[in-house]
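Here's the structure we're looking at; comments come further down.
The values are calculated or read from the model by the stated rules, or taken from the named source; none is laboratory data. Predicted, not measured: the structure shown is a model, and the values here were computed from it. A quick note on method: Cβ atoms are made from the backbone with ideal geometry, for glycine too, and the neighbour counts reach across all protein chains shown.
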Amino acid sequence: MKINLFLIASLFLINSHLNADIRQFKFSRTNTDLNELTRIVSIDAVEEDSVTAFANEEEWKTFLSFYIPYRIIIPVKYPKSIEMTDDDLRHVNWSKYPTYQAYLDMMASFERDFPLMCRIDTIGYSVRGKLLLAACITGDLEKNSQKPEFFYTAQIHGDETAASVFMLRLIDTLLSSYDKSEDIQKLLNEIQIWINPISNPDGAYYLNDSTFIGSIRYNANSFDLNRNYPDPPHVSQPNTHIRQPETLAMMAFASQRNFRMSVNFHGGTECVNYPWDSTPARHPETLWFETVSHEYADTARFYSPLTYMSNFNRGITNGWDWYPVFGGRQDYMTYFHNCKEVTIELSDQKMLPSSELKTYWEYNKRSLLNYIKNMEQGITADWSQNQIIPDSVEIVTISGLMIPVRKNHAIFHYPLNVGFYDIYIHYEDSTDSLKSIEVCKNQLTNLTPRVSFTDKDVLHPDNFCLSPVYPNPFNPETQFSLLCSSPGIIQLNVFNIQGKLVTRLNTGFLDAGEHYFSWDGKDKNGKGVSSGVYIIQAQQSKRTVRQKAVLIR
C-alpha cells in the first residue's frame, strides 16, 4: 500500500488555521449580480428568491462592501444525528461514519484483502498532512494497466458527508462481488475504476480525527477547494486564488491518469449538475451530458420516494443555469483533461444523519454502478502495435471536439452517444479520415482495424511540418521543432483558442532543415498568459501547419 506515513503532520498544523472563521449566510436574490458575487463568496444554493453562501474572513469583508442585506445562519454545534465509529463500517452495517483512523484502516484493508484487484495510492497530502487516498480497482490489476479509466471522488466540501460512506461501500461492493456478479466482473475486466472517498480530510475532520461534527466546507487554510481550480480560457476573468495543496495534488494526479469520465459528489440538494458551470455557452457534448445525467437521476428516482431528485429538469441541471461557479473542478477536468465530469448532489441535508445512510445508499447504488457503464459505449482504438501513435483524435461531427492522445497510453477510449460520426485521426505528418463511424448502444466501436483515407499532401505536407510540443500540458515552457525542406519567409505565431494573436516566434527567413523553438507562455508584451489551449501555427507561402499546446498555471 503506497501510504507514506512520516512525521510531517505537526509541521502542517503549525501553518494551518486551527480556528476557521467561516460564515454561512443568506441574502435576497433580487437586484444581485450572481456572476459578480460568485467570484467573491462561495455560493452554496440558489432558490427562487434567496441565495445561501459561505465566506471566509477576507471574502466576508469584500461582501460587506456591497451593502447587501443578509442573515447569518447559525450552524448546529453538536448534531446528535451524526454517529461515528472506530470500527470497520462493514461491522456496523454501514450505519455510521468512520473516524479518520477507521477510514485509513478500511482503505488499507481493501488492498490487503484483494491484492490482485485493488491498489491504494496516495494522491497527496492536505494542509494538515492528512492523506489524500484513491483506490484503483480492476480485474487482474498487474496485467491490465492499459484500460479506460473512470474516477469517482467525494467530500471536497468537508461538511457534505454522505458520499464518503457511499464511496467506501462502492469499493467494497465492487471487490466482494467480482466473483458473484457477471455484471461487475465484466465492468472491472474492461475498466480501471478509481475512487477517492475524501478529498478534503481537513475540512471533514476539522475539530479532531474522531468526528465529522464541526466539519467545515473549506480546507484548513479557509479556501473552498471547489473554487480553487484553473478556469477554462472562456472565462474572461479567471480566478487567481492560491492553489491549495489538495488542489495541486489532484491536478497532478489527473495529469498522470487518463480519465475519460468522472463525478464530484456533494450534498445540500439532490440533482446531477453538468458543464459548463463557468459560461452560459453550451458544451458541444451537452446532449451526451443530458443523456447520462437523466439516466442517473431517473434510476435513483425509480428506487426512491417521488420527492427525491425531483427539482430542476427531472433531477438534472446545467451548471450555469443554476448559478455560475468559477474555479470549479467540474469545468477544470472537462476542459483541461478531456474528462467528462459531472457534479452529483446526493441529499438535501449536507450532513446526512447516520440513520439515513443505508436508505440513501439504496436510492443510489444502481445509479452508481450504471453510471460507470457509460464507459462501455463510444469509440476505442489500440495503437500499441503501431510504430507511430496519433497526436489527437478529432470528432468532426461534434464541433470543436479534439481529444489529445497520450503517447504513454496506446489504448484510446472516448464515450459517445449512439449515432454516426466523422472522425479525423491526426498524426505528425498525416491525417486519417474515417466517415460515418457508427456507435451502437452499450458497445465500443474499434477504430484500429478500419481502412482510412490518408491525405498527406493536403492536410500535412511532408516537407513542412511542426512536431508536437513537449511537454504538453506545460508550465512554464514548452519546446517543438519546425521541419521545412525549402528555404523561405516563415511566420511562426501563437494564437489563443478564439483565434487572436498572442505572440510571434518567427517572422523572417529560415533555411531548409529542422529548426528548434520554445514558447515561455508569454504574450507579445512579455506578460504571462492564463491557463488554456493555444495554437502554434507555422506558415510558409500557402502552406500552414498547426499544433495545440495546453498551458496550466
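Which condition number does Tyr335 fail, the rest of (1) on the phi < 0 side of the Ramachandran plot; (2) out of contact with any Pro (no Cβ under 6 Å at 6 or more places or on another chain) being met?
The single condition Tyr335 does not satisfy is (2).
Look at Tyr218 and say whether it is at pLDDT 95 or above, outside the structural domain of Gly499 (by TED's automatic domain parsing) and more than 20 Å from Ile40 (Cα to Cα).
no
Filter the stretch 333-367 for residues that are in contact with a helix residue (DSSP H, G or I) (Cβ under 8 Å, 6 or more places away or on another chain) and hydroxyl-bearing (Ser, Thr, Tyr); which is farthest from Lys96 (Cα to Cα)?
Thr343
Looking only at the stretch 63-71, decide whether some residue is modelled with pLDDT of 95 or more, assigned to a strand (DSSP E or B) and either in contact with a His (Cβ under 8 Å, 6 or more places away or on another chain) or of a type outside the set (A, V, I, L, M, F, W, C) (or both).
Yes, there is a match, as at least one residue in the stretch 63-71 is modelled with pLDDT of 95 or more, assigned to a strand (DSSP E or B) and either in contact with a His (Cβ under 8 Å, 6 or more places away or on another chain) or of a type outside the set (A, V, I, L, M, F, W, C) (or both).
In the stretch 506-553, which residue that is modelled with pLDDT of 90 or more, in a loop (DSSP other than H, G, I, E, B) and in contact with a Ser or Thr (Cβ under 6 Å, 6 or more places away or on another chain) is nearest to Asp331 (Cα to Cα)?
Out of the qualifying residues, it is Asp523.
When you check Arg169 against the structure, is it in the same structural domain as Leu225 (by TED's automatic domain parsing) and farther than 30 Å from Arg227 by Cβ, yes or no?
It is false that Arg169 is in the same structural domain as Leu225 (by TED's automatic domain parsing) and farther than 30 Å from Arg227 by Cβ.
Taking strands (runs of 3 or more DSSP E) that fall entirely within the stretch 189-305, which contain at least 1 residues that are basic (Lys, Arg)?
259-266
I'd like to check something: does the stretch 230-241 contain any residue that is buried (at least 18 other Cβ atoms within 10 Å of the Cβ), at pLDDT 95 or above, more than 21 Å from Asn496 (Cβ to Cβ) and not small (Gly, Ala, Ser)?
Among the residues of the stretch 230-241, not one is buried (at least 18 other Cβ atoms within 10 Å of the Cβ), at pLDDT 95 or above, more than 21 Å from Asn496 (Cβ to Cβ) and not small (Gly, Ala, Ser), which makes the answer no.
In the stretch 215-238, what count of residues is obtained for those that are at positive phi and not hydroxyl-bearing (Ser, Thr, Tyr)?
Adding up the residues that qualify gives 0.
Tell me, which strands (runs of 3 or more DSSP E) wholly within the stretch 358-419 include 3 or more residues that are touching a residue at least 60 places away in the same chain (Cβ under 8 Å)?
Of the strands (runs of 3 or more DSSP E) lying wholly inside the stretch 358-419, those with at least 3 residues that are touching a residue at least 60 places away in the same chain (Cβ under 8 Å) span 378-382, 401-404, 411-415.
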